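The structure appears right after this line, and notes come after that.
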């Protein structure tokens, strides 16, 4: 299949899904699942634009749409983060621990604040009119290039970007390294998802494996964010020296998930099992 034909088809699917989820989230910004699904739809569009540019060259209309989508992602991301923190805290916060309870109150306040901002943003005319253009033509590299030839090279570059953070990300003293690895893997996973139909060896298990690893990285990152915020809140706002029960509980959860990450990615060879062999030319 020609690059232009394949990418127009996959782009149309993602653009339609984005419009559907934008309409759904606009109807009720307080619905956690709707916000999550809109963010996923936007990420898939952004991944598609990045793949198209890498394979066919730049397009200014797509760049403008990508900029608008990224701006929309900022308040959506803040709200989603607040939802995630709230839901984890509901499961974990022990009763009778005042620092933990007061931090939970702050998180609940953040949810309301970001819901208000998202509701306003989704109600704006510019947001409702947001479209993803599907330009025809091949850009700088020519219209006859086959994505099946170029795709493995693109995924290989994204894979190397993930792998370079592996050693540092396994050190709990450097949560920022795990965050960088998580972001790099997210780009890899969504690009792979875009190109999946081009690889005969790829199956539903491939998608599930990539999704599971991204979820693991995201869960550990969520714990890092909660631990850092709860610590700063207790120390700087409450002036309490002793670690809260909430921090102790999340530190334990962080370690449990980190053990799973080490089992998977302790060696470069272990991490290669996450990427698999389906995308090797």
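Values in this text are rule-based calculations from the coordinates and carry no lab data. Being a predicted model, the structure only gives us computed values, none of them experimental. Ideal geometry is used to build each Cβ from the backbone, glycine not excepted, and the neighbour counts take in all protein chains shown.
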Legend entry - On Cα atoms only, tilt of 98-123 relative to the major axis of the chain in degrees: 30
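Applying 1/(1 + (r/R0)^6) with R0 = 30 Å to the Cβ-Cβ distance of residue 30 and residue 231, what FRET efficiency is obtained, to the nearest 0.05?
Rounded to the nearest 0.05, the efficiency is 0.55.
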Legend entry - Rg followed by Dmax, in Å, when the range 1-140 is reduced to its Cα trace: 18.4, 64
Legend entry - Label-to-label distance, nm, for residues given as residue 215 and residue 266 (7 Å Cα→Cβ offset): 2.4
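First check a/c for the range 64-135, with a ≥ b ≥ c the square roots of the eigenvalues of its C-alpha gyration tensor; if it is under 1.5, answer rounded, and if not, answer prolate when a/b is larger than b/c or oblate otherwise. Could you put the intermediate results ahead of the total?
Numbers: a/c = 4.67, a/b = 2.94, b/c = 1.59.
It is prolate, given that a/c is not under 1.5 and a/b is the larger ratio.
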Legend entry - Largest-first principal axis extents of the Cα set of the chain (Å): 66, 49, 28
Legend entry - Globularity index of the range 1-60, i.e. its alpha-carbon radius of gyration over 2.2 N^0.38 Å: 1.28
Inset, instruction - State, to one decimal in nm, how far the label point of residue 256 lies from the label point of residue 19, with both points 7 Å from Cα in the Cβ direction. - result: 4.4
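Tell me, in nm to one decimal, what length is gained between residue 67 and residue 273 on full extension, where the rule is 0.36 nm per residue of separation less the Cα-Cα distance?
On the way: separation 206, 0.36 × 206 = 74.16 nm, distance 3.39 nm.
Fully extending the segment from residue 67 to residue 273 adds 70.8 nm.
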Inset, instruction - Run the quick spin-label model on residue 174 and residue 120: label points 7 Å from Cα toward the beta carbon, then report their separation in nm to one decimal. - result: 4.0
Legend entry - Anisotropy class of the range 124-281 from Cα gyration tensor, a/c 1.5 cut: oblate
Inset, instruction - Provide the gained length on full extension for the span residue 129 to residue 207, in nm with one decimal, where the gain is 0.36 nm per separating residue minus the Cα-Cα distance. - result: 24.9 nm
